[in-house]
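Worksheet: one structure, shown below.
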Amino acid sequence: MVSIEVFYLIDYENVHGDGLSGCQDLGKTDHIVIFFTQNAKNISMSDISNHGQADLEMIEVPAGKQSADIHIGSYMGILAGKYGKNCKVVIVSKDTDFDNVIKFCKEKTGISASRTQQIKKKPATTKTTTDKTSETPKKATTKINGERKTKLNQEVMQAVRGAKYTASVSNTVAQIVSGLYGEDNLLSKVHNALKERYSNYLDIYAVIKPIVSKYSEDKQKQEKSKATTNVKSPTETEINSEIQKALSNGGFSNDIIAYVTSTVVKNLDIKNGKQQTYRAIISKYGQNKGLNIYNHIKKHI
């Protein structure tokens, strides 16, 4: 049976972050495409930090009257031609002018299409949304130092907030880490706990990994699993902070800061890490913009 691909086309200037409500519950066959102009370039990280298992694409269109409308309508036509009846298009906007475009496209192509003001997709009934910290094993293999645990909690929270995530995300991540503190294989367990909760868990993990490794009590097992956990040097936290500061001073948006920071951290200890970082940035943002971003950070990596 062919699965139906669902595309949520977001008229961001019209609905802003409210239109993304419910995106954290989307699945693997869902796709979010955010259309924005220069007037809404600084999209809040809290709006897109957790979009479930859905793909996320951001498309900047020229500023101007009905510019986003024209591009969204054209994109719907592209999807109809590519997927036919195997896709569903949902335009997320308050603009009723889309209704006539949707009606026309449905009549001519036969695809399923509609308009809504918010995604608001309900969570799947087979998976609960309970807090993962409540599932943390209670038995610890080492004696827990309360003062050290509190300090760990604070450092993780500050690092996540410094990476431009919301207070809610920083609090939850800090709770996950401190809840696992004292366990064997702390890095691995933190990684798995984040993977269960966040679709962008690798980016969050890259931010807190140097802190968690510093507090890990299982040094011998850290060395044994270094090839798989990619434990960073003690200077990683400082590098992370310097890159965030450099990009912030350069006037770059929060989503760029978060992506570039996590990319640098992932590539720090691998062969040709600088080249890998450069290529990733150029691939995502293009030659001119990517080179400008890289020039702001290259002396810090």
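Of note:
- Taking 0.36 nm per residue of separation and subtracting the Cα-Cα distance, full extension of the segment from Phe104 to Gln275 would add 56.8 nm.
- Trypsin sites (Lys or Arg not before Pro) restricted to DSSP loop in region 268-297 with at most 16 other C-beta within 10 Å: Lys271
- Charge tally for Glu242 (other residues, Cβ to Cβ under 11 Å; Lys, Arg +1; Asp, Glu -1): 0.
- Sequence-distant residues sharing a close amide H with Asp184 (under 5 Å, placed H): Thr141
- For Ile204, Ile293, Ile256, order by how many other beta-carbon atoms lie within 10 Å, fewest first: Ile256, Ile293, Ile204
- Rounded Å value of the spacing that divides the Cα centres of region 2-72 and region 256-299: 24
- Prolate/oblate/rounded call for region 236-300, Cα gyration tensor, a/c under 1.5 rounded: oblate
- Whole-Hz ³J(HN,Hα) from phi, Karplus 6.51 cos²θ - 1.76 cosθ + 1.60, for region 237-250, glycine and proline x: 4, 5, 4, 3, 5, 5, 5, 4, 5, 5, 6, 5, 5, x
- Contour minus Cα-Cα distance for Asn288 and Ser21 (0.36 nm per residue): 92.8 nm
- For Ser199, the residues whose modelled amide H falls within less than 5 Å of its own, excluding neighbours fewer than 5 places apart on the same chain, are His51, Gly52.
- Rounded if a/c under 1.5, otherwise prolate or oblate - region 5-116, Cα gyration tensor axes: oblate
Computed from the coordinates by the stated procedures, all read-outs in this text should not be read as laboratory data. Note that the structure is predicted; figures quoted are calculated from it, not measured. All Cβ positions, even for glycine, are placed from backbone atoms using ideal geometry, and neighbour counts span all protein chains on display.
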